[in-house]
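Reading through the structure tokens given below for one structure.
The values are calculated or read from the model by the stated rules, or taken from the named source; none is laboratory data. Treat the numbers as computed from the prediction; the structure is a model and nothing was measured. Here the Cβ positions follow ideal geometry from the backbone for every residue, glycine too, while neighbour counts run over all protein chains shown. Surface accessibility is based on the protein's heavy atoms, side chains included, excluding ligands, DNA and RNA. Shrake-Rupley method; radii C 1.70, N 1.55, O 1.52, S 1.80 Å.
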Amino acid sequence: MSKTHTVKSGDTLGKISIQYYGRFTKWNDIVKANPQLAGRKTAPDGSPLIFAGDVLLIPEDVQPPKASAPIQAKQTIVLDPDAKKDLALFVDGVKFTGFTGYTVTSAVDTFDAFSFSSLWDSSNKKCREIFRPFTYKQCTVFYDSEMIFQGILLPAVPSVSDNGNTITVQGYPRCGILADSCLPDSLYPPEYNGLTLQAIANNVAGPFGVTILTKCDCGNSFEKVEIQPEDKVLDFLKKLAEQRGVFLSNSQDGSLMLWKPEEEAVSATFKEGEAPFVSCTPTFDGQNMYSHVIGFSKVEGDKDAEKYCYENKLLQKAGVLRVFAKTIDDANSGSLENATKATAGRMFANSVKYELVVSGHRDRTGKLYRKNMCVSVYAPDAEIYRETKFQVDEVTMTRSDSDGEKTKFSLVLPGARDGKLPERFPWEE
């Protein structure tokens, strides 16, 4: 989390950089995190002039993530003595436990999030200090002593009624700020032509103290990149990532993760009518399923556009013609095929989904359920007429007084994300 520094007489950005980072050259990172400095006159070293009384954000010195030491709590606060103590939230050296309900969501192509609820005692000064709105404190979440989340607290929401006072505590990963924020003025004019996705992500995430974790080949550099002042940083990066078939999510430590989910071996099997199976509901989006997905390269003047056509065998076998076409902003003949297949993959992932609900949170080996794991499902009443392998697109763990502990999976067909579909579908016997 960023610190603040109030400028004193005699301060320069170089001196402040040495004070906080131990080296002069980091003053440029301070400038990027302080849009109010844009347009000011500059000192001989090129840094904007600062004046006594200026309040500057000092971003964290972004480094590759390291294995963290076990968290030691200086104080433990049990919010509800009658609630289970398996879930723990650490903030500012304080361990909070005794949550009556929770929801923890993790997904392949978006950011994790959590929401915990419990009793609220407004007379507890430590609770009032930590859950004060808009402090965006760093936090860590554990389930049965296993870390599942590092992130930032969003404003907690108390509720007062005749039945008692409760509070809902919410949070998302550190990189979640990229979904909420636009590019700082200090980064204008944005010059990203000729850079790779990874290089662009490092540039736009730096002022927010967000680390980039790259787990795949991010493809060729971009010839021309455009961003509008009103574009959110994450939306901007997602448009670029889609052109390279890359997905954006978060790692466990809150870094922005660039990755391409790979198919895994099946680690859990669920059958209708057998525990821990609870329910399975399919969603078939017929209006956004196409027989042909055509990608065109973007051209200027009289130059002919290149194209790549992806053929959907499922609809072709049924004799159905439904066409979707898209212009790929920055693609040559090689990347055009990958970008079009990625578009087709997203079509399949969005058009064929199954919502599976099971009891408990762990697979047969004792591991917590997670995004991108693979499961096998047999549920004839949900039109899964034979045991079928699925990838977990999103997983949500919940606990409530009425339903107990449940896990909800959003399932997609293996290979759907990159357009590589199975020869037989779940509804084909």
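For every residue, the table says whether it meets (1) surrounded by 20 or more Cβ atoms within 10 Å (Cβ to Cβ); (2) within 19 Å of the chain's Cα centre (by Cα); (3) of a type in the set (A, V, I, L, M, F, W, C).
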site: Met347; (1), (2), (3): yes, no, yes
site: Asp381; (1), (2), (3): no, no, no
site: Ile384; (1), (2), (3): yes, no, yes
site: Thr388; (1), (2), (3): yes, no, no
site: Asp393; (1), (2), (3): yes, yes, no
site: Ser400; (1), (2), (3): no, no, no
site: Lys408; (1), (2), (3): no, yes, no
site: Val412; (1), (2), (3): yes, yes, yes
site: Arg424; (1), (2), (3): no, no, no
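Restricting attention to the stretch 33-59, report how many residues are on the phi < 0 side of the Ramachandran plot, open to solvent by 50 Å² or more (accessible area, probe 1.4 Å) and assigned to a loop (DSSP other than H, G, I, E, B). Talk me through it step by step, then tell me what you get.
First, the residues of the stretch 33-59 that are on the phi < 0 side of the Ramachandran plot: 33-38, 40-45, 47-52, 54-59.
After this cut, where a residue has to be open to solvent by 50 Å² or more (accessible area, probe 1.4 Å) as well, the list is 35-36, 40-42, 44-45, 49, 51-52, 55, 57.
Now narrow it down to the ones that are assigned to a loop (DSSP other than H, G, I, E, B): 40-41, 44-45, 49, 51-52.
The number of residues fulfilling the criteria is 7.
Please state which of the following conditions Gly10 fails to meet, knowing it meets all the rest: (1) at negative phi; (2) open to solvent by less than 70 Å² (accessible area, probe 1.4 Å); (3) modelled with pLDDT of 85 or more; (4) not β-branched (Val, Ile, Thr).
That leaves (1) as the condition not met.
What residue, of Gly245, Gly295, is at positive phi, surrounded by 15 or more Cβ atoms within 10 Å (Cβ to Cβ) and modelled with pLDDT under 95?
Working: Gly295 fails: at positive phi.
Only one candidate qualifies: Gly245.
State whether one or more residues within the stretch 299-317 are outside any helix (DSSP H, G or I), among the acidic types (Asp, Glu) and open to solvent by less than 40 Å² (accessible area, probe 1.4 Å).
No: zero hits.
For the stretch 214-228, what are the residues that are surrounded by 20 or more Cβ atoms within 10 Å (Cβ to Cβ) and at negative phi?
Listed by number, the residues that qualify are Cys218, Phe222, Ile227.
Count, please, the residues in the stretch 13-32 that happen to be without any contact (Cβ under 8 Å) to a residue 24 or more places away in the chain and buried (at least 16 other Cβ atoms within 10 Å of the Cβ). Give the derivation first.
We begin by selecting, within the stretch 13-32, every residue without any contact (Cβ under 8 Å) to a residue 24 or more places away in the chain; these are 15, 17-19, 22-25, 27-28.
Okay, now just the ones that are also buried (at least 16 other Cβ atoms within 10 Å of the Cβ), so 17, 27.
Adding up the residues that qualify gives 2.
Among (1) within 22 Å of Ser181 (Cβ to Cβ); (2) touching a Leu at 6+ places or on another chain (Cβ under 9 Å); (3) modelled with pLDDT of 85 or more; (4) not polar (S, T, N, Q), there is one condition Lys32 misses while meeting the rest; what is its number?
The failed condition is (3).
Inside the stretch 162-193, can you point out the residues that are open to solvent by 60 Å² or more (accessible area, probe 1.4 Å) and among the hydroxyl-bearing types (Ser, Thr, Tyr)?
Tyr188 - this is the single residue of the stretch 162-193 that is open to solvent by 60 Å² or more (accessible area, probe 1.4 Å) and among the hydroxyl-bearing types (Ser, Thr, Tyr).
Just checking, which of Ala179, Ala107 is touching a helix residue (DSSP H, G or I) at 6+ places or on another chain (Cβ under 7 Å) and closer than 30 Å to Ile200 by Cα?
Values: Ala107 fails: touching a helix residue (DSSP H, G or I) at 6+ places or on another chain (Cβ under 7 Å).
Of Ala179, Ala107, the one residue that is touching a helix residue (DSSP H, G or I) at 6+ places or on another chain (Cβ under 7 Å) and closer than 30 Å to Ile200 by Cα is Ala179.
Of the residues in the stretch 263-295, how many are under 25 Å from Leu248 (Cα atoms) and without any contact (Cβ under 8 Å) to a residue 40 or more places away in the chain?
Adding up the residues that qualify gives 0.
Working only within the stretch 362-417, note down all residues that are polar (S, T, N, Q) and outside any strand (DSSP E or B). Show your work before the answer.
Filtering the stretch 362-417 down to residues polar (S, T, N, Q) leaves 365, 372, 376, 388, 391, 396, 398, 400, 402, 407, 410.
Passing the criteria: Thr365, Asn372, Ser402.
Only one of these conditions is not met by Val392: (1) over 30 Å from Asp86 (Cα atoms); (2) at pLDDT 90 or above. Which number is it?
The single condition Val392 does not satisfy is (1).
Being under 21 Å from Phe425 (Cβ atoms), modelled with pLDDT under 95 and not small (Gly, Ala, Ser) is the requirement here; does Asn338 meet it?
Details: under 21 Å from Phe425 (Cβ atoms): no; modelled with pLDDT under 95: yes; not small (Gly, Ala, Ser): yes.
No, not satisfied.
Out of the stretch 171-190, which residues are out of contact with any Leu (no Cβ under 7 Å at 6 or more places or on another chain) and in contact (Cβ under 8 Å) with a residue 12 or more places away in the chain?
Pro173, Arg174, Gly176, Ile177, Asp180, Ser181, Cys182, Leu183, Pro184, Asp185, Leu187, Tyr188
Select, from Gly164, Gly151, the only residue that is closer than 24 Å to Gly209 by Cα, of a type in the set (Gly, Ala, Ser) and modelled with pLDDT under 95.
The unique qualifying residue is Gly151.
Can you name every residue in the stretch 150-178 that is within 13 Å of the chain's Cα centre (by Cα) and small (Gly, Ala, Ser)?
Of everything in the stretch 150-178, those that are within 13 Å of the chain's Cα centre (by Cα) and small (Gly, Ala, Ser) turn out to be Gly151, Gly171, Gly176.
For the stretch 261-281, give me each residue that is of a type outside the set (Phe, Trp, Tyr), in a strand (DSSP E or B) and open to solvent by less than 40 Å² (accessible area, probe 1.4 Å). Reasoning before the result, please.
Step one: filter the stretch 261-281 for residues of a type outside the set (Phe, Trp, Tyr), giving 261-269, 271-276, 278-281.
Right, trim to in a strand (DSSP E or B) and you get 266-269, 271, 278-281.
If the condition is that a residue be of a type outside the set (Phe, Trp, Tyr), in a strand (DSSP E or B) and open to solvent by less than 40 Å² (accessible area, probe 1.4 Å), then Ser267, Ala268, Cys280 are the ones that fit.
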